[in-house]
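Only one structure is covered here, and it is reproduced in the block below.
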Amino acid sequence: MSTTCCSTTTEEPSPALPVAETAPTGCCSTPEPAEKAAEEQASSCCGSETDKPEAVEASDCCDSPAAEPESEPAASGCCGPAEPEPVAASGCCGPQEEQADPAQVRTGLSLDEAIAALGGGIPQATDPTPYAQADWLRATEKSLRGAKAWHTVADRGEGDIAFLPGYVFDVDPIVDADPRTLLGWQPKDGTAACCSATTSCCESATDAVEALGADAFFPSLLLGSPLGYRSEATASAEDPLLVADLVDRIVPAAIEAGFRSITAPWLHNSAYSDVLALALQAYGGDIAFHGENNLLDLQHDSYDAYLASLPSRKRRRVKEDRERADNSGTRIERKDREELRPLIGRITELVTQNRQKYEGGEDEAHIGALLTELVEGGADIRAYLVHKDEAVVAASVTVRRGKRLFVKWAGFDYEALGERSGVYFEIALDRPLRDAFAEGITAIEAGPGADEAKRLRGFRPGQIRSVVLVTDAALRPKVAELHAAYGQARRETLGAATEEAAPTTAIGRLRAKLLGSTAYEPIKPLQPEGGCCG
């Protein structure tokens, strides 16, 4: 957080709200009359004006104040001439960067309207995931019942644009898109949200949420990609404050449209996600832990070098998994892009079986539509297929974006393969890893689920947060209480209960206070082979 030179910072900033003006003080303000300054003998932010200045702590205004030559009273002051130079970027302690004007923001757009406002395509400078691309969002709108596109575009001029997808839901969307799920609520039919935490703390949460009434939450605006489990803004410039401009328009427009809640359920670690969380918090939203994602940076020259870097115990486990797959009586092949078109139906069937086994929110219509749009849109999609007796009995689907590979789906015929075939590790982790090194990919995102196997291979956990904002301010304390309890329950269920070291820097302490823990925390496996979210 940057402050103006010699200004006083507040303890809890609200980035997306206007800051009240204060009377100018100190050396950077309009100078006091000379006779008043002489009477008070006041010290300035750059040091005392007495003959024998007292030692003062260094501040962010000026570092070590050097002795200045005496000057005429009219021109005196720690910051130079009393008459400011007509240069907007100058300041008392050196050049200051001129603050950009707020962007022009349009919200409530359809996908076609958003793409037209963006100049024909989704901005790519921030390296967005496949889940923020036009083909994925188009398939979401086609297949997700009750989802109404409500996208937002910011344009600051000179090519600086940003995009945040959003969908409006009325009562009873799929459970993963239901804002009440983030408070520990579960529907009466027992359907669970992806990788949900069912602990004793949340047994009463359903009753507490039901007591608030559905009208407290619906219609609801979900920011992000509900079938991609990602709340993600994209931009054409590395300027996270464009996201604050988005939120400054989204929240008032959502309230005006009659929406009762705004959620960003899946905020992954990034500067853009941090700004989105803090901007929503400034309007009254509540931030809580939601889960962890498995990530691997490919820092070695080859798969063999990477494997050699693992401890011997982990190398042995990987070797054992591979031997089990080799002895499973199966044949594995990879198919890419258009080659997948005739296989979409079978892949969808296998992935749907896995989703049902692990209580995932996506169903056959969603998966089939997403696969079809990715193939037809020319996405770099590939699948690893397992054949047994000429039948396809397992599949793993990955999508490449730039230098990153995303392991999105896996599906298995467990009756044909058994529970311990080792095939999952081969097609969802090891084969993609070997191909990633061969293709020069620099990172793999494997999602939650099968955490033990992924951590065994060097993946690290990245934290996911959720934000809930209800427009009825009177309900916010209760919503925050339920949201925090559910977040803590998920921490405990996922095994993410260890304490992190205290931040050592001021910005680290501020960030921890506003956003909560960011440590990479150990996590115990929820699913043995595959997970509902990846």
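Among the listed pairs K335/K388; K142/K335; K142/K408; K335/K403; K403/K454, which are separated by more than 24 Å between their Cα atoms? Violating the 24 Å limit, Cα to Cα: K142/K335.
Tell me the trypsin sites (Lys or Arg not before Pro) within the stretch 380-427 that lie in a loop according to DSSP and have at most 15 other beta-carbon atoms within 10 Å.
Filter output for the stretch 380-427: K403, R420.
Heavy atoms of the protein chains alone define the surface here; on that basis the stretch 292-420 has 47 Å² accessible area per residue at 1.4 Å probe size.
The stretch 143-193 and the stretch 199-260 have their alpha-carbon centroids 7 Å apart.
Set the Förster radius R0 to 41 Å, insert the Cβ-Cβ distance between R106 and E492 as r into 1/(1 + (r/R0)^6), and round the FRET efficiency to 0.05.
After rounding to 0.05, the efficiency reads 0.45.
Centroid-to-centroid, using Cα positions, the stretch 273-297 and the stretch 298-357 are 31 Å apart.
GluC sites (Glu not before Pro), restricted to the stretch 363-403: which are DSSP loop and have at most 12 other Cβ atoms within 10 Å?
On the way: sites: E364, E373, E376, E390; in loops: E390.
Loop-located and lightly packed - E390.
Would you please give the FRET efficiency between E439 and E481, computed as 1/(1 + (r/R0)^6) with r the Cβ-Cβ distance and R0 = 60 Å, to the nearest 0.05? Spell out each step's value before the answer.
Working: r = 48 Å, r/R0 = 0.80.
Computed FRET efficiency for E439 and E481: 0.80.
Mind listing which GluC sites (Glu not before Pro) in the stretch 204-250 are in a DSSP loop and have 16 or fewer other Cβ atoms within 10 Å?
Numbers: sites: E210, E232, E238; in loops: E232, E238.
Here the GluC sites (Glu not before Pro) that fit, given the DSSP loop and packing criteria, are E238.
The values are calculated or read from the model by the stated rules, or taken from the named source; none is laboratory data. Note that this is a predicted model, so its numbers are computed, not measured. Reconstructed Cβ throughout: ideal geometry from the backbone, glycine too, with neighbour counts over all protein chains shown. We work out accessible area using only protein heavy atoms, side chains counted, and drop any ligands, DNA or RNA first. Shrake-Rupley method; radii C 1.70, N 1.55, O 1.52, S 1.80 Å.
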